[in-house]
Number of protein chains: 2
Amino acid sequence: MQAKDFNNLVLLEHDEFERRLDKIRAAMAEQQMPAMLVSDNANKYYLTGRVYAGYAYIPIEGEVIFFVRRPVELQGDGVVYIRKPEEIAESISLNVPEAIGMELDILPYSSVSRMKAVFPESELQNASAVMRHVRAVKTPVEIEMIRRSGVKHVHVYSRIPHLYQAGMTDMELQVEIERVSRLEGCLGQFRISGDSMELYMGNVLVGDNADAPSPYDFAMGGAGLDPSLPVGANDSTIKPGNTVMVDMNGNYDGYMTDMTRVFALGDIDPLALKAHQCSLDIHRELTSMMRPGTPAKDLYARAEEIVRERELHPYYMGHRQHAGFIGHGVGIEINELPVIAPRSRDIIAEGNVIALEPKFVIPHTGAVGIENTYAVHADHVECLTAAPEEISYFDV
Amino acid sequence: MQAKDFNNLVLLEHDEFERRLDKIRAAMAEQQMPAMLVSDNANKYYLTGRVYAGYAYIPIEGEVIFFVRRPVELQGDGVVYIRKPEEIAESISLNVPEAIGMELDILPYSSVSRMKAVFPESELQNASAVMRHVRAVKTPVEIEMIRRSGVKHVHVYSRIPHLYQAGMTDMELQVEIERVSRLEGCLGQFRISGDSMELYMGNVLVGDNADAPSPYDFAMGGAGLDPSLPVGANDSTIKPGNTVMVDMNGNYDGYMTDMTRVFALGDIDPLALKAHQCSLDIHRELTSMMRPGTPAKDLYARAEEIVRERELHPYYMGHRQHAGFIGHGVGIEINELPVIAPRSRDIIAEGNVIALEPKFVIPHTGAVGIENTYAVHADHVECLTAAPEEISYFDV
């Protein structure tokens, strides 16, 4: 995927760069946005294949200008080094756009105000939605990167049963999974759009800790180790009759898979087995529906129907606290479009990569259900996290 | 530090909560800010001792109102559950402030616009600077939490020589340090104000990788494993003559220490030894100057003077790319006030906790120099990362 010279600012192959730029410009045209100034790391990475400090100025016609603060020594067409954003004005002065799109859902208010002053004549538009919609539909190159992350992610999960040792806590097991993930090449970085969601390397939820309500908008919670980061493992010892839900970071190359599997120690409550089977059945049903043109909310509704038929709704997506979605786009960030939620307006499209996570919390047992990441193709859905889906039992 | 009932929204002891609130209100009075709506996780954690989803409304007089979206089941004075920010208006309606402070340097433009609509009559003010200044001066309870993180951080570093094995890469060593850190209780979360700085768990820099320019505004760079996260270890094998600079996450309880030590394999360039000694001497000199009332820029200038006297400036704070600061406040976040930089306007104050990191990059050898975290008291400076400062040699 990468150009040969690492000093080139744009690391994408020429065709891939042009393909992404065309997609961005098509979306800009739809929103009547004559120019866009991109500064979010995820969006710059999408456009260029690298993270750098600075901006990308994308006019709907003409050359892209890359305004770079750091690192030193980058080269290529359109690269302009700046020390402060005000220097952008000089390069744009001959061609001031009528309106300028900035990432208003991501950029701090002060940064937008400062950048807007560089374009005093231009109307301010919101580039966040444009970039979110563009990035929701992956190129084949992007899907291949997610596929590669998936292969490593699956490999790491295959080693989990061997990492368990009698008497372990959730955190002790999580640390060993983190180690294996990192040695497999996991980058660790867990990109979430919006800065109020925090999580370190993923979640291992054991027993009733799965039912501890968290402030964060993840599907499952957990009390965490400390009130400064109230999510995930809380030093619970893994006991017979517990499930262990593993939902660990799958970012191996800048693009992530999202994947959850369940392990258990000894026999577990038949209700948990029933709920786990329900999750598998929902996956089967939704992947058969997940074709270009399907409204995302129909997927949510169908899943809920299945859950209610089986009378599992008190446990669905949490017990004391319920999550409001069962799936989400995934790629550079963990919370991309489409969102599989009751009032979602998203329509499934070819090129979407979607993590489905119908899960249940069974009191006194723990969390069950799986999460897979799927690529949506024209006439089928490809599972990018193909690993055994049944509950895996630790050796007692 | 924590109240007994974990369901209480405010986990701080009553006196500590009042102390922090008084400090915030004194700063608000100075800025003529009649009310503040806090939504940043770090600021909510400062005020309450926990992270929750929602807002804290702080009028300069009267009761604080905690508007909570998640988690469920929190209790206490002033707790009001809301589903969306617009519901805040109802609780405030009898007492609309003339102006409302929001964290404009952190909150996305769209969020500020949405929240501002809740206060249509109120002038918008910037709460970011207020909270940054308040948090720059720690309470004794906060210093004690940083001190505790420091003890664990030091303990982890003491094990590093035992983790090294012949033939290791930077990343292999880093993964073993990460594991030991996590088992010691490291929370992993690396809070940085502003969302364009990214780093996973810290940096292990070996040999010339220390000289690879990074886009991020850290003191040292590193190429990283992938252009999506271009910082830190890059799979360099640790070779004789290399230094290994370790600067790993020190967040063990919501408050962090920042600490760097240097290891080496075999004999290293005498220039590197000289530069390391220079770093130690700068620490000694600056901690003797770091008293309440000292301008931060004087510390920077004095360090630079020492470096120039010894003709080490080509290597100081980087070689191909130079960092523009040699120290920073640390606490809940890694980039707090004061900043030790040439044009800093900050004045050292009692209660500051400051990480000093005069470092050097020596071509073909690697990075040298140490980082310690210091608490500033009325008449002395306390080192919160007290560990041997000399270069530690791995067994060949």
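The values are calculated or read from the model by the stated rules, or taken from the named source; none is laboratory data. This is a predicted model, so every value here is computed, not measured. Here the Cβ positions follow ideal geometry from the backbone for every residue, glycine too, while neighbour counts run over all protein chains shown. The protein model used for the area step is the full one, side chains on, heavy atoms only, and it has no ligands, DNA or RNA in it. Shrake-Rupley method; radii C 1.70, N 1.55, O 1.52, S 1.80 Å.
One residue alone among B:Ala210, B:Ala166 is more than 9 Å from chain A (Cβ to nearest Cβ) and surrounded by 21 or more Cβ atoms within 10 Å (Cβ to Cβ), and that residue is B:Ala210.
When segment B:299-324 is filtered for residues that are crowded, with 17+ Cβ neighbours inside 10 Å, away from every other protein chain (no Cβ under 14 Å) and of a type outside the set (Asp, Glu), the ones remaining, listed by number, are B:Leu299, B:Tyr300, B:Ala303, B:Ile306, B:Val307, B:Leu312, B:Tyr315, B:Tyr316.
For segment A:71-99, a tally of residues being within 13 Å of chain B (Cβ to nearest Cβ) and of a type in the set (A, V, I, L, M) returns 2.
For segment A:214-243, a residue qualifies if it is aliphatic (A, V, I, L, M) and either more than 9 Å from chain B (Cβ to nearest Cβ) or in contact with a Phe, Trp or Tyr (Cβ under 8 Å, 6 or more places away or on another chain) (or both), and the qualifying residues are A:Ala219, A:Met220, A:Leu229, A:Val231, A:Ala233, A:Ile238.
List the helices (runs of 4 or more DSSP H) inside segment B:91-166, counting only whole elements, that have at least 3 residues being free of Cβ contacts under 8 Å to residues at least 40 places away in the same chain. Filter on segment B:91-166 gives B:109-116, B:140-158.
Across segment A:85-108, which residue is most open to solvent (accessible area, probe 1.4 Å) among those that are closer than 30 Å to B:Ser111 by Cα and over 31 Å from the mean Cα position of the chain (by Cα)? Once the filter is applied, the top-ranked residue is A:Glu98. Within segment B:276-288, not a single residue is surrounded by 22 or more Cβ atoms within 10 Å (Cβ to Cβ), within 14 Å of chain A (Cβ to nearest Cβ) and out of contact with any Ser or Thr (no Cβ under 8 Å at 6 or more places or on another chain).
Check A:Leu173, A:Leu187 and return the single one that is facing another protein chain (nearest Cβ under 9 Å), modelled with pLDDT of 95 or more and in contact with a Leu (Cβ under 8 Å, 6 or more places away or on another chain).
A:Leu187
Within segment A:42-58, the residues that satisfy the criterion of being farther than 16 Å from A:Gln189 by Cα and β-branched (Val, Ile, Thr) are A:Thr48, A:Ile58. Within segment A:55-70, the residues that satisfy the criterion of being open to solvent by less than 10 Å² (accessible area, probe 1.4 Å) and within 14 Å of chain B (Cβ to nearest Cβ) are A:Ala56, A:Phe66, A:Phe67, A:Val68.
For the residues B:Arg284, B:Arg302, B:Arg308, the requirement of being in contact with a helix residue (DSSP H, G or I) (Cβ under 8 Å, 6 or more places away or on another chain), of a type in the set (Lys, Arg) and part of a helix (DSSP H, G or I) singles out B:Arg302.
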